[in-house]
Amino acid sequence: MKTNIIDSNWPNALRWFLVQNTEHFCPWHFLSKPTEFDFAAQAFANEDTKHRKVFVFASRQDNDDFAGLEVINGLIADKVLVFHPTFNSGESERCWDIVDSEFSDVFEFLSSQIVPDMKDWALTEDAIHLLE
């Protein structure tokens, strides 16, 4: 990601990966522009039973899983929420939480979620196919 579009208000853990152009962690993908996942953040705001907000920074390419940094009092915090929205229009009346897991920061998310997912893919997918 171009450093001039990385917001200095984002947690340093996220900025650390983005300034190094470390955005692809198959099957996960980090954002390449700040508004890339606004649609998923809106779905989260509509569907989260706890009425939280997130800044979404990652998606999993093979399903509708997303990762977002929790927004508290208008500020983007370090806490990562991994969620699976249904993309209903309007506010959801569901009683279950769309958040699948929570992590203290992007580094914990990377080590506890992304690396195991990458390993699972590596066991079944030849890396050469990723270059095609």
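Values quoted throughout were computed directly from the atomic coordinates according to the rules given, and no laboratory measurement underlies them. All figures in this text were calculated on a predicted structure; none of them were measured in a lab. Cβ coordinates were reconstructed from backbone atoms using ideal geometry, including for glycine residues, and neighbour counts include every protein chain displayed.
Its relative contact order, with pairs defined as Cα atoms under 8 Å and 6+ residues apart, puts the range 3-124 at 23 percent. Among the listed pairs Lys33/Lys53; Lys53/Lys79; Lys2/Lys119, a Cα-Cα separation exceeding 23 Å is found for Lys2/Lys119.
Working from label points 7 Å from Cα in the Cα-to-Cβ sense, the Ile72 to Asp105 distance is 1.4 nm. Note on the chain: helix-only mean residue ellipticity at 222 nm, from DSSP H runs of 4+ residues weighted -39500 (n - 2.57) and normalised by residue number, equals -7000 deg cm²/dmol. Placing dummy labels 7 Å off each Cα toward the beta-carbon, the span from Cys26 to Gln61 is 0.6 nm.
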